[in-house]
Amino acid sequence: METEPWQWPERTWRGHVGAVRAGRRLVPSSWPGGARVAVALSFDSDHETIPLRDGETSPGRLAQGEYGARVGAGRVLELLAEHGLPATFFMPAVSALLHPAEAKDYASGPHEIGVHGWIHERNTLLSEKDERDLVRRSLDTLAELTGVRPVGIRTPSWDFSSSTLAIIRELGFAYDSSLMADDEPYEILAGGEPTGLVEIPVDWIRDDAPYFTMDRYGSVRPYTRPRDVLEIWTDEFDAAYRAGGVFQLTLHPHVIGHRSRLVVLRELIDHIRGHQDVWFTTHADLAAAVREIPGSMS
Ligand SMILES: [Zn+2]
């Protein structure tokens, strides 16, 4: 039995690579309203679920998550309201149960609420049955709590297991936002076959957590100056604008909501709004728009 990857026959490594793959790129000749670029802002309102997921229950650790709900989320919603912008909020069900009024805010007005696991679990550590049960419970919990049934999913920590795609299809989601095979939306292929499922790709480059999060007891302490991060995201937006594509961003209220970091989001929005023909959209509306591209989807 060949067990080491270097011993695998070709069909084995081809099988792994071909299981979930990027299909046709989904970018229309122009965005709704004749816009040149689509801007999809997202916020993962994990709050206390990050420590809880790891079984870290000390009040000290949980308070860092609590900041996201108590301070960060309100600041983010206020800034979006100031500019009249929509956004997508992915929220673990446990976080929504801890902060039901916040979940309702996300599901109302111009915004969208999306599934982000039960307790920010790591899918690749779960059995297929456990993963399916948790996604279903998360979907039902958000729907019950907010009165709106989410159509999109982002796996916690973008941890996408070999069962995830089948589960997402089974539960009827319109799009996923957890994979990184492109800068632009694409149709997901399963075993080489089109699935009709839209991927709105993410990347750690366009995420606040890796730049700002530190582990008190870890040896590595990534830290980037907030204004350097602004420069990275501005460059990402400018390139998306030139390409006529999508600028997608993933932020966390407990990370970006701090005073010296919210400045970055404020100035980024100002920079984007200094351009003509920008379509600010939720992930759900973006997924719906790319589905309309003639002949693109099954
Ligand atoms: Zn998360």
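The values are calculated or read from the model by the stated rules, or taken from the named source; none is laboratory data. What you see is a predicted model; the values in this text were computed from it and never measured. Heads up, the Cβs are rebuilt from the backbone with ideal geometry, glycines too, and the neighbour counts pull from every protein chain shown.
Please verify whether Pro210 is crowded, with 21+ Cβ neighbours inside 10 Å and in contact with a helix residue (DSSP H, G or I) (Cβ under 8 Å, 6 or more places away or on another chain), treating the condition exactly as stated.
Numbers: crowded, with 21+ Cβ neighbours inside 10 Å: no; in contact with a helix residue (DSSP H, G or I) (Cβ under 8 Å, 6 or more places away or on another chain): yes.
No.
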Condition test on Val71, is it among the β-branched types (Val, Ile, Thr) and either surrounded by 15 or more Cβ atoms within 10 Å (Cβ to Cβ) or in contact (Cβ under 8 Å) with a residue 24 or more places away in the chain (or both)? yes
Reported set for segment 126-170 where residues are under 21 Å from Pro201 (Cβ atoms), under 18 Å from the mean Cα position of the chain (by Cα) and in a loop (DSSP other than H, G, I, E, B) is Pro150, Val151, Arg154, Thr155, Asp159, Phe160, Ser161
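Check every one of the helices (runs of 4 or more DSSP H) wholly within segment 209-298 and list those with 3 or more residues that are within 16 Å of the ligand (Cβ to nearest atom) and within 16 Å of Leu79 (Cβ to Cβ). Explain how you work it out, then say what you get.
Details: elements: 209-212, 226-243, 253-256, 259-273, 283-291.
Passing ranges, in order: 253-256.
What strands (runs of 3 or more DSSP E), lying completely within segment 1-113, carry at least 3 residues that are within 16 Å of the ligand (Cβ to nearest atom) and in contact with a His (Cβ under 7 Å, 6 or more places away or on another chain)? Reasoning before the result, please.
Numbers: elements: 20-25, 37-44, 88-91.
Here the list reads 37-44, 88-91.
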Residues in segment 199-206: is at least one more than 16 Å from the ligand (Cβ to nearest atom), of a type outside the set (S, T, N, Q), buried (at least 22 other Cβ atoms within 10 Å of the Cβ) and assigned to a helix (DSSP H, G or I)? no
Scan segment 114-125 residue by residue and report those that are within 15 Å of the ligand (Cβ to nearest atom) and among the hydrophobic types (A, V, I, L, M, F, W, C). Val115, Trp118, Ile119
Can you tell me how many residues within segment 168-178 are surrounded by fewer than 22 Cβ atoms within 10 Å (Cβ to Cβ) and in contact with a strand residue (DSSP E or B) (Cβ under 7 Å, 6 or more places away or on another chain)? 3
Flagged pairs (Cβ under 9 angstrom, 6 or more apart or on separate chains; first in segment 143-166, farther than 17 Å from Leu97 by Cβ and at pLDDT 95 or above; second of a type in the set (Phe, Trp, Tyr) and within 16 Å of the ligand (Cβ to nearest atom)) are Gly152/Phe90; Ile153/Phe90; Arg154/Phe90; Trp158/Trp204
Does Arg154 satisfy being within 15 Å of the ligand (Cβ to nearest atom) and closer than 16 Å to Ile188 by Cα? yes
